[in-house]
Amino acid sequence: MPQEIDSQFDALIEMYADVVADRLAEDPKALYEYCRETLVDYYENMTEHELIEHVVEMEDSDEIVTSIYGNYPVDGDQEIQGRDVTSYSLKEGETLSFPVHSPIK
């Protein structure tokens with residue numbers, strides 16, 4: 001439902017954010033878990049190469065990346081299992097069909 005006055009909606013956001021932040025401040029373990037889950041959600045929306053570059057830039061070091069991948073920079077041609085590669089498989093007997101378009105002349 002649209003808000004009649006944006007300032008009321010903004011006030012609700014601010015007030016509720018304060019309530020949740022105060023609650024989390026009372027429980028460091030809950031604060032840690034919330035923060036970690038939020039960061040994981042954020043990083044999962046990056047491609048693998050974007051995340052690699054982000055980690056190196058933010059940490060001012062490639063130590064984390066090289067501990068996992070063995071080298072940095074990770075070559076654009078290096079096959080990385082994960083977010084930059086999409087794999088599809090079919091069950092036995094299944095087929096795929098794609099429309100065929102005539103080349104534009």
(message) Under the rule a/c < 1.5 gives rounded, and otherwise a/b versus b/c splits prolate from oblate, where does segment 1-56 land using the Cα gyration tensor?
(response) oblate
(message) Could you order the peptides 16-27, 45-56 from most to least packed, using the average number of other C-beta atoms within 10 Å per residue?
(response) 45-56, 16-27
(request) Would you please state the base-10 log of I(q)/I(0) at q = 0.18, 0.22 1/Å for segment 28-75, with intensities from the Debye formula using one equal scatterer on every alpha carbon? (result) -0.63, -0.81
(request) Positive end of the charge dipole of segment 28-75 (Lys, Arg +1 and Asp, Glu -1 on Cβ, about the Cα centre): tell me which of M46, T66, Y34 has its Cα farthest that way. (result) Y34
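Read-outs throughout are calculated quantities, based only on the coordinates presented, and are distinct from any laboratory measurement. Just so we're clear, the structure is a prediction, and the values are computed from it rather than from any experiment. Counting neighbours? That spans all protein chains shown, and the Cβs are built from the backbone with ideal geometry, glycine included.
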